[in-house]
Structure formats: structure tokens, C-alpha cells
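Peer 1: A single structure is presented below for examination.
The values are calculated or read from the model by the stated rules, or taken from the named source; none is laboratory data. Just so you know, these numbers come straight off a predicted model, no measurement behind them. Heads up, the Cβs are rebuilt from the backbone with ideal geometry, glycines too, and the neighbour counts pull from every protein chain shown. We work out accessible area using only protein heavy atoms, side chains counted, and drop any ligands, DNA or RNA first. Shrake-Rupley method; radii C 1.70, N 1.55, O 1.52, S 1.80 Å.
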Amino acid sequence: NFRKVKRVEDVVRIFDIIQQKIPAKLLLIGDGPERSNIEKVCRELHVCNKVTYLGKQEAIEEILSICDLFILPSESESFGLSALEAMACEVPVISTNTGGLPEVIDHGNSGFLSDVGDIDDMVENAYTILKDDESLHKFRKGAKKQALNFHIDKALPLYEELYERVVSKNMIKKEN
């Protein structure tokens with residue numbers, strides 16, 4: 001979703017720094033009003049030959065399965081479903097510590113959280129994950145483990161319990 005709030009330009013800037021030290025390619029999934037600005041930034045940074053625009057995709061898990069890192073530097077994010085999808089595919093996440101993302105990402109285990117706009121910290125966190133195969137493997141396993149915390153078998157009973165408490169409280173209020 002290439003909108004200003006998603007800060008996709010930050011993704012390109014983070015990638016530019018990373019690819020100077022680690023051989024890398026950037027896959028941009030989605031589209032939107034910021035696309036032309038992102039293309040301009042790619043040209044300015046001379047990384048166009050390392051960036052592929054995939055547009056909107058249906059089978060996102062097939063793309064995520066070949067990725068080493070997912071970057072989500074949003075200004076605001078209500079939950080972070082895309083981060084959860086990445087982690088379910090064993091892809092660690094670098095994101096901002098805004099909205100629901102701190103609830104989804106286990107900082108230091110499934111990825112890292114940084115302040116909005118803190119590109120330097122996101123780059124440093126990316127290096128921590130990508131520095132060697134052992135580190136990447138550790139974060140891949142941590143991502144999958146964290147994603148499983150949101151599996152329906154775990155989440156559904158919690159929702160049912162919450163609904164039962166709310167209904168019970170309302171029944172008690174009506175009786176009084």
C-alpha cells in the first residue's frame with residue numbers, strides 16, 4: 001500500500017544502505033499514490049536495477065517464502081497483519097514501534113522495533129539479523145514462533161472468554 005503513512009520511501013533508503021554492505025535485492029509488493037515518488041528516490045539513489053515492483057499480489061506467501069527480511073516503517077499501523085503474515089513465513093520484521101506493531105513483533109526475537117523515521121536504527125537492526133546465517137536462522141525461528149501466538153487455536157479461546165465476560169457483566173447489570 002504505497003501511501004505516505006506507510007513510509008515506503010524509508011524502505012528504499014534503508015535498502016540503499018544495506019545493499020552497500022550486503023548483496024541484496026528489494027521486492028516492493030503493492031501499489032498506490034506514492035509509487036512515482038518511490039521510483040524517483042530509486043533513481044536518485046541509483047538502486048533501480050536492484051528494485052523490483054511486484055504490484056498487488058494474491059499469493060503473498062509464495063513471495064515471502066523467498067525473502068530474508070520484511071520492512072514495515074509505517075507512521076501508524078492498527079495491527080500489523082502484513083508483519084504477522086511475514087513472520088508466519090519465517091521472515092523477521094523490521095518495523096516501527098507504533099500502533100499494534102509492538103504487540104505483534106517480539107523485539108529482539110522475531111525482529112526489531114524502531115522509532116518512526118529512525119532509518120539508522122532500522123539499518124542497524126537489519127544488519128543484526130542479516131549479519132550471518134546463524135543470526136538469520138535464529139530470527140526466522142523467532143518469527144515463526146511469534147506468529148504461532150496468533151494462531152486461531154490460541155486466539156479464538158481468548159476472544160470467546162472475553163465475549164463471555166462482557167455478556168456476563170451485562171446480564172448482571174440488567175438483573176440489578
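Peer 1: State which residue pairs qualify: first residue free of Cβ contacts under 8 Å to residues at least 60 places away in the same chain and inside segment 102-121, second residue among the aromatic types (Phe, Trp, Tyr) and surrounded by fewer than 16 Cβ atoms within 10 Å (Cβ to Cβ) in any location, beta carbons under 8 Å apart, and separation of 6 or more residues or different chains.
Peer 2: Matching pairs, first to second residue: GLU103/PHE79; VAL104/PHE79; VAL104/PHE150.
Peer 1: Applying the selection to segment 83-109, what residues are open to solvent by less than 40 Å² (accessible area, probe 1.4 Å) and part of a helix (DSSP H, G or I)? Step through it out loud before you land on a result.
Peer 2: First, the residues of segment 83-109 that are open to solvent by less than 40 Å² (accessible area, probe 1.4 Å): 83-84, 86-87, 89, 91-96, 98, 100-101, 104-105, 108.
Residues satisfying the conditions are ALA83, LEU84, ALA86, MET87, LEU101, VAL104.
Matching residues to (1) modelled with pLDDT of 95 or more; (2) open to solvent by 20 Å² or more (accessible area, probe 1.4 Å); (3) at negative phi:
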| site | (1), (2), (3) |
| --- | --- |
| GLN19 | yes, yes, yes |
| ALA24 | yes, yes, yes |
| HIS46 | yes, yes, no |
| ASN49 | yes, yes, yes |
| GLN57 | no, yes, yes |
| SER65 | no, yes, yes |
| LEU69 | yes, yes, yes |
| GLU77 | no, yes, yes |
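Peer 1: Can you tell me how many residues within segment 154-168 are modelled with pLDDT under 75 and open to solvent by 90 Å² or more (accessible area, probe 1.4 Å)?
Peer 2: Adding up the residues that qualify gives 3.
Peer 1: With the structure loaded, tell me whether HIS151 is loosely packed, with under 15 Cβ neighbours inside 10 Å and modelled with pLDDT of 95 or more or whether it fails that test. It would help to see each step written out before you state the result.
Peer 2: Numbers: loosely packed, with under 15 Cβ neighbours inside 10 Å: yes; modelled with pLDDT of 95 or more: no.
When the stated conditions are applied, HIS151 does not pass them.
Peer 1: Just one of LYS141, LYS173, LYS145 is charged (D, E, K, R) and modelled with pLDDT under 80; which is it? Working first, answer last.
Peer 2: Working: LYS141 fails: modelled with pLDDT under 80; LYS145 fails: modelled with pLDDT under 80.
Residue meeting the stated conditions: LYS173.
Peer 1: Please work out which one of (1) more than 16 Å from the chain's Cα centre (by Cα); (2) part of a helix (DSSP H, G or I); (3) in contact (Cβ under 8 Å) with a residue 24 or more places away in the chain is the condition SER36 fails and give its number.
Peer 2: (3)
Peer 1: Could you please find all residues in segment 110-145 being assigned to a loop (DSSP other than H, G, I, E, B) and either surrounded by fewer than 22 Cβ atoms within 10 Å (Cβ to Cβ) or of a type in the set (A, V, I, L, M) (or both)? Before you say what the answer is, go through the steps one by one.
Peer 2: We begin by selecting, within segment 110-145, every residue assigned to a loop (DSSP other than H, G, I, E, B); these are 110, 115-118, 131-132.
The answer is ASP115, VAL116, GLY117, ASP118, LYS131, ASP132.
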